[in-house]
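Engineer: I'd like to ask you about the structure that follows.
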Amino acid sequence: MSRVATEANDLEDIEIGLLLEGLYRAYGFDFREYSRASIKRRILEMMRAEKLGTVSALQERVLHDATCLERFLLGLSVHATAMFRDPSFYLTFRRKVVPLLKTYPTVQIWVAGCSTGEEVYSLAILLQEERLYKRCRIYATDISRAVLRKARDGIFPLAAMREYTNNYHQAGGANEFSDYYTAQYDSVIFSTALKSNVVFSEHNLATDGSFNEFQVILCRNVMIYFNKDLQARVHNLLYDSLSMFGVFGLGNKESLKFTPRAAFYEHLNDKDKLFRKVM
Amino acid sequence: MSFEIIVVGASTGGLKALQVLLSELPVEFSLPMVIVQHRGKDMETGLCEFLARSSRLPVREPEDKETLLPGQAYLAPRDYHLMIQSGSFALSTESPVGFARPSIDVLFESAANEYQDRAIGLILTGANHDGARGLAAIKAQGGLTVVEDPATATCREMPDAAINLTKVDWILPLSEMAAGLHKLTNSTKRYES
Ligand SMILES: C[S@@+](CC[C@H](N)C(=O)[O-])C[C@H]1O[C@@H](n2cnc3c(N)ncnc32)[C@H](O)[C@@H]1O
């Protein structure tokens, strides 16, 4: 019985490979180098949601039915994010990075994989409070047009504000958090001043090149969805896009250790994933 | 045949159960052990240190793409799903599964996929059904399934759910768990050589 199951499992892996290859060749969406464990889980989940028995059946529908393709792409990506996610990261940014940035006349910042923008608005608030915002330009990019549209709008659910307010204060914020937004029914809209120096645009880390030189790059919780090869390539791209002594930020559970650029950065402190390019 | 990993799922009552298990496993227990313990979103981050204090094996929260090592216990970090892919950890923040992130099912399914019949799955105390599906996946791939005896578990729902879904190989009270696992992994090794 277990041999049968193992063979079925191997077959499924083959079908998943074919589906991803087909998706790439037909539409240019390239998930071939994403971390397979999590991609597989979401594909099987979608197969169940579409009430299909095999990955091949899902492939047929994805390739021939445009609305299914859209559902599939949405289901395949993880967009989870939050304002001041991991407050201590932002606290360290305030204490250690802000003083460095104050020595520059202008500061170029890249938020790569910004999802629906919560991270960008958090950063903008912090920079404004530290009287740095005016000399900053933030490039916020993502592969997904749908999330960028939301990021541009800056409208978030009211229900999330309690958590975000807590995060904000833990991250060293001293103002009334509610001063930054206006509530409307069950949503809030963030002050447009926060996005006056932000450019939102599409950029695919897997295929597009560098487009500027930055003093700060944040790429948090994006590369955990990539396999090691793609992760290494993107680390190289980000390294090349960062100016000497520029600051690089990763998600809380991401590491430079397993990448080709580990030796080229130094830690800003032990705990938070903030690094400085020193070579 | 020899095992290469043991994955462990625990929920309500799990802190105590894990403490007992980790304090009784001998230092020479060599399989990497990967643990999902449910915890509230706001629960303090000291869980890993807490477990490490009573464990004879080193315990750590893995980072993304970290390689699994023998003789090491790993605890899934708060608010991330933990999976195993090509001998390394893969983390994810995709939505909670049945309200749980980390989810036991997610870890167990990836272990079944990666290790097939070389995985051991262990379900401990808990007041929900997480892990039942994952344990079934391990069984389907020919791995070994172990469940804490519901009769003596702090919360029996999770062990019960696992037993209902899968014809599990071993049902052991917590007091015999460490010795049982040790014997099991030891004897299969001897058998191998
Ligand atoms: C989990 S979100 C992280 C959001 C935010 N950085 C944070 O830490 O809260 C991951 C984002 O990466 C984006 N992404 C995935 N693959 C990408 C690629 N190849 N290029 C650019 N963005 C990508 C996804 O669309 C998603 O919005």
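Engineer: Give the calculated FRET efficiency between B:LEU165 and A:VAL98 to the nearest 0.05, with a Förster radius of 56 Å applied to their Cβ-Cβ distance.
Structural biologist: Values: r = 53 Å, r/R0 = 0.95.
Step by step, r from the Cβ atoms, then E = 0.60.
Engineer: From the helices alone, meaning DSSP H stretches of at least four residues, give me the mean residue ellipticity at 222 nm for chain A, per-run term -39500 (n - 2.57), in deg cm²/dmol to the nearest 500.
Structural biologist: About -13000 deg cm²/dmol.
Engineer: Within the protein assembly as shown, what percent of beta bridges assigned by DSSP are antiparallel, to the nearest 5?
Structural biologist: DSSP beta bridges in the protein assembly as shown are roughly 35 percent antiparallel.
Engineer: Considering every Cα-Cα pair within the protein assembly as shown, what fraction, in whole percent, is farther apart than 40 Å? Working shown, then result.
Structural biologist: Working: 27363 of 111156 pairs.
For the protein assembly as shown, the fraction of Cα-Cα distances above 40 Å is 25 percent.
Engineer: Quick one: buried accessible area between A and B, total over both chains, 1.4 angstrom probe, nearest 100 Å²?
Structural biologist: 2400
Engineer: Now for a separate question. For a bin width of 10 Å, list the pair-distance distribution of the range A:32-178 built from all Cα-Cα distances, rounded to whole %.
Structural biologist: All Cα pairs considered, the percentages come to 10, 31, 28, 18, 11, 3.
Engineer: Here's something else I'd like to know. May I ask you to work out the translational diffusion coefficient for the range A:142-186 at 37 °C, viscosity 0.692 mPa s, via Stokes-Einstein with Rh from the Kirkwood sum over Cα pairs, reported in whole µm²/s?
Structural biologist: After rounding, the answer is 272 µm²/s.
Engineer: Using Cα positions and a limit of under 29 Å, work out the lysines in reach of A:LYS51, with same-chain residues fewer than 8 apart set aside.
Structural biologist: By straight Cα distance, A:LYS51 reaches A:LYS40, B:LYS139, B:LYS167.
Engineer: Under a crude label model (7 Å from the Cα following the beta-carbon direction), how far is A:GLU266 from A:ARG162 in nanometres?
Structural biologist: About 4.4 nm, to one decimal.
Engineer: What value, in deg cm²/dmol to 500, does the helix sum -39500 (n - 2.57) over DSSP H runs of n ≥ 4 give at 222 nm once divided by the residues of chain B?
Structural biologist: Estimated from H runs of four or more residues: -11000 deg cm²/dmol.
Engineer: Turning to a different aspect of this structure: Using only the Cα atoms of the range B:27-127, each taken as one equal point scatterer with no solvent, compute I(q) by the Debye sum, divide by I(0), and report log10 of the ratio at q = 0.12, 0.15 Å⁻¹.
Structural biologist: -0.37, -0.59
Engineer: Check the straight Cα-Cα distances from A:LYS134 and name the lysines below 25 Å, setting aside those fewer than 8 residues away within the same chain.
Structural biologist: Here the lysines satisfying the reach criterion relative to A:LYS134 are A:LYS96, A:LYS102, A:LYS150, A:LYS195, A:LYS277.
Engineer: Right, another one. Can you list the aspartates and glutamates whose alpha carbon is less than 13 Å from that of A:LYS273, not counting same-chain residues fewer than 8 positions off?
Structural biologist: A:ASP86, A:GLU254, B:GLU63, B:ASP64
Engineer: Right, next: If you take every DSSP beta bridge fully contained in the range A:87-277, what fraction is antiparallel? Give it as a percent rounded to 5.
Structural biologist: Within the range A:87-277, antiparallel bridges account for around 40 percent of the total.
Engineer: Quick check: Cα centre of the range A:102-155 to Cα centre of the range B:149-180, how many Å?
Structural biologist: So the two Cα centres are separated by 50 Å.
Engineer: Follow-up. Ignoring ligands and nucleic acids, what accessible area does A:LYS257 show with a 1.4 Å probe (Å², nearest 10)?
Structural biologist: It works out to around 130 Å².
Engineer: What do the square roots of 5 times the Cα gyration tensor eigenvalues come to for the range A:178-241, in whole Å, largest first, as semi-axes of the equivalent ellipsoid?
Structural biologist: 32, 15, 10
Engineer: Take the alpha-carbon centre of the range A:7-24, take the same for the range A:47-64, and report the distance between them in whole Å.
Structural biologist: Distance between centres, Cα-based: 12 Å.
Engineer: Now for a separate question. Could you rank A:ASP240, A:ASP270 by how accessible they are, 1.4 Å probe, largest area first?
Structural biologist: Output order, biggest surface exposure first: A:ASP270, A:ASP240.
Engineer: If you don't mind, there's one more thing I want to ask. Give or take rounding to whole Å, what are the principal axis extents of the alpha carbon atoms in the range B:5-185, in descending order?
Structural biologist: 34, 32, 32
Engineer: So, one more: What is the Cα centroid distance between the range B:69-110 and the range A:183-239, reported in whole angstrom?
Structural biologist: Measuring centre to centre over Cα atoms gives 25 Å.
Engineer: Report, to the nearest whole %, how much of the accessible area of chain B belongs to carbon and sulfur atoms, 1.4 Å probe, protein only.
Structural biologist: 53
Engineer: While we're on this one: Could you order A:LYS40, B:LYS183 so the one with the most accessible surface comes first? Probe is 1.4 Å.
Structural biologist: Correct descending sequence by accessible area is B:LYS183, A:LYS40.
Engineer: When the convex hull of the Cα atoms of the range A:216-260 is projected onto a plane and the area is averaged over all directions, what value comes out in nm²? Numbers along the way, then the final one.
Structural biologist: Values: hull surface 11.9 nm².
It is 3.0 nm².
Engineer: What range in chain B is the longest one free of GluC sites (Glu not before Pro) that are in a loop by DSSP and have at most 14 other Cβ atoms within 10 angstrom? Can you show the working numbers first?
Structural biologist: Numbers: sites that count: B:GLU28, B:GLU44.
Here the longest run is B:45-193.
Engineer: Now for a separate question. Pairwise over distinct Cα atoms, reciprocal of the mean inverse distance: report the Kirkwood radius of the range A:3-76 in Å, one decimal place.
Structural biologist: 12.3
Engineer: So how exposed is A:THR92, as accessible area in Å² (1.4 Å probe, rounded to 10)?
Structural biologist: Roughly 10 Å² of A:THR92 is accessible to a 1.4 Å probe.
Engineer: I need the Kirkwood Rh of the range A:87-277: take the reciprocal of the average 1/r across all distinct C-alpha pairs and report it in angstrom. Walk me through the numbers on the way to the answer.
Structural biologist: Numbers: mean 1/r = 0.0589 Å⁻¹.
Taking every pair of different Cα atoms in the range A:87-277, averaging 1/r and inverting gives 17.0 Å.
The values are calculated or read from the model by the stated rules, or taken from the named source; none is laboratory data. Computed from a predicted structure; not experimentally measured. Here Cβ is always computed from backbone atoms with ideal geometry, including for glycine, and neighbour counts include all displayed protein chains. Note: areas computed on protein heavy atoms with side chains; ligands, DNA, RNA excluded. Shrake-Rupley method; radii C 1.70, N 1.55, O 1.52, S 1.80 Å.
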